[in-house]
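Chemist: Have a look at this one.
The values are calculated or read from the model by the stated rules, or taken from the named source; none is laboratory data. Just so we're clear, the structure is a prediction, and the values are computed from it rather than from any experiment. Quick reminder, even Gly has a Cβ in these numbers, built from the backbone with ideal geometry, and neighbours come from all protein chains shown. Protein only, heavy atoms only, side chains kept; ligands, DNA and RNA dropped before computing areas. Shrake-Rupley method; radii C 1.70, N 1.55, O 1.52, S 1.80 Å.
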Amino acid sequence: MRHPPRVLIVEDESSIAELIAVNLRHNGLTPIWAEDGESAQREIDTILPDIILLDWMLPGQSGVTLAKRWRADPRVKSVPIVMLTARSDESDKVSGLDAGADDYITKPFSTQELLARIRAVLRRRAPEQALDTVTVGDLTLDGATYRVNFRDVALKIGPTEFKLLNYLMRHAERVHSRSQLLDKIWGDHVFIEERTVDVHVKRLRESLGAAGPMIETVRGAGYRFTAQVQIADAA
Ligand code: CA
């Protein structure tokens with residue numbers, strides 16, 4: 001399961017930050033508050049957030065400067081940014097979006113409006129899960145019903161392993177590095193260690209039973225799902 005989305009609020013006015021944080025928490029999101037660019041950077045260095053709400057007018061570096069910097073940083077680049085501003089000038093909106101913001105919201109805004117923007121941005125960034133059926137060799141996966149069958153026998157597979165299998169089967173016979181799999185399965189803004197991939201691959205192989213060898217480890221490169229393996233007939 002994915003963790004609740006972490007929302008980094010970069011806002012120097014504590015009353016506004018607090019109001020946003022309370023509402024986000026109430027709606028199942030995890031808010032983190034930073035009052036300026038420096039502390040926001042520290043938070044980002046520790047755990048990459050899923051989305052950044054960035055105030056325009058901040059002490060020290062402005063929101064626009066920060067947005068530009070994060071867009072140029074390979075690690076932070078893909079984290080969506082929503083700019084918050086008291087100014088409703090069209091030219092400001094343009095420079096905010098030019099700086100790399102994904103969206104822009106003018107103060108005062110309603111909680112509903114803010115949540116709608118956050119959800120829309122997160123949805124756009126979430127990795128896609130194909131929902132139709134895919135078959136590789138004797139293995140069939142149905143993305144809509146979450147069923148996996150091997151030689152007409154249903155297999156039990158956990159949710160993350162299912163996503164992983166879904167992706168691997170749709171990109172069979174190709175080698176995927178751990179970091180590519182992290183991006184595709186967990187999303188490009190989730191910061192987890194690469195060995196997490198190994199743990200899920202191991203579990204997936206176990207769940208696949210006789211079909212487990214279809215996931216090959218390619219030394220120094222990653223993993224490949226293949227139909228080109230000999231699979232023993234089930235006894
Ligand atoms: Ca401010």
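Residues are listed down the side, and each one gets a yes or a no for (1) within 16 Å of the ligand (Cβ to nearest atom); (2) under 30 Å from G158 (Cβ atoms); (3) among the acidic types (D, E):
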| site | (1), (2), (3) |
| --- | --- |
| E11 | yes, no, yes |
| L19 | yes, no, no |
| R25 | no, yes, no |
| P31 | no, yes, no |
| A34 | yes, no, no |
| R42 | no, no, no |
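Chemist: From the list V134, V199, which residue is in a helix (DSSP H, G or I) and without any contact (Cβ under 8 Å) to a residue 40 or more places away in the chain?
Modeler: Numbers: V134 fails: in a helix (DSSP H, G or I).
Only one candidate passes the filter, namely V199.
Chemist: Examine the range 78-98 for a residue that is assigned to a loop (DSSP other than H, G, I, E, B), within 12 Å of the ligand (Cβ to nearest atom), over 28 Å from T160 (Cα atoms) and in contact with a Gly (Cβ under 9 Å, 6 or more places away or on another chain), and state whether such a residue exists. Before the answer, list the steps.
Modeler: Within the range 78-98, the subset assigned to a loop (DSSP other than H, G, I, E, B) is 78-80, 86-89.
Checking the rest, the ones that are also within 12 Å of the ligand (Cβ to nearest atom) come to 86-87.
Applying the additional criterion that residues be over 28 Å from T160 (Cα atoms) yields 86-87.
Pick out the ones that are also in contact with a Gly (Cβ under 9 Å, 6 or more places away or on another chain) and you get none.
No, that holds for no residue.
Chemist: Mind listing whichever residues of the range 1-42 are open to solvent by 50 Å² or more (accessible area, probe 1.4 Å), in a helix (DSSP H, G or I) and farther than 27 Å from T160 by Cα?
Modeler: Residues satisfying the conditions are S14, S15, E18, L19, V22, E38, R42.
Chemist: Then there's this: Return the pair list, or none, for Cβ contacts closer than 6 Å from residues in the range 207-233 that are polar (S, T, N, Q) to residues that are assigned to a loop (DSSP other than H, G, I, E, B), at least 6 apart or on different chains.
Modeler: S207/I157; T226/E173
Chemist: Answer yes or no: is there a residue in the range 118-133 that is modelled with pLDDT of 90 or more, open to solvent by less than 40 Å² (accessible area, probe 1.4 Å) and farther than 18 Å from I81 by Cα.
Modeler: no
Chemist: OK, next. Filter the range 46-66 for residues that are more than 9 Å from the ligand (Cβ to nearest atom) and in a loop (DSSP other than H, G, I, E, B); which is nearest to the chain's Cα centre (by Cα)? Steps first, please.
Modeler: Step one: list which residues in the range 46-66 are more than 9 Å from the ligand (Cβ to nearest atom), which gives 46-54, 60-62, 64-66.
Going one step further and asking which of them are in a loop (DSSP other than H, G, I, E, B), we end up with 47-50, 60-62.
On the way: I47: 13, L48: 10, P49: 10, D50: 7, G60: 30, Q61: 27, S62: 26 Å.
By that ranking, first place goes to D50.
Chemist: For the range 219-228, which residues satisfy the criterion of being surrounded by 13 or more Cβ atoms within 10 Å (Cβ to Cβ) and not basic (K, R)?
Modeler: Quick first cut of the range 219-228, residues surrounded by 13 or more Cβ atoms within 10 Å (Cβ to Cβ) only: 222-227.
Across the range 219-228, the qualifying residues are G222, Y223, F225, T226, A227.
Chemist: Next question. Among the residues of the range 70-82, is any at pLDDT 95 or above and open to solvent by 40 Å² or more (accessible area, probe 1.4 Å)?
Modeler: no
Chemist: Return only the number of the condition from (1) within 14 Å of the ligand (Cβ to nearest atom); (2) in a loop (DSSP other than H, G, I, E, B) that A101 does not satisfy.
Modeler: So the condition that A101 fails would be (1).
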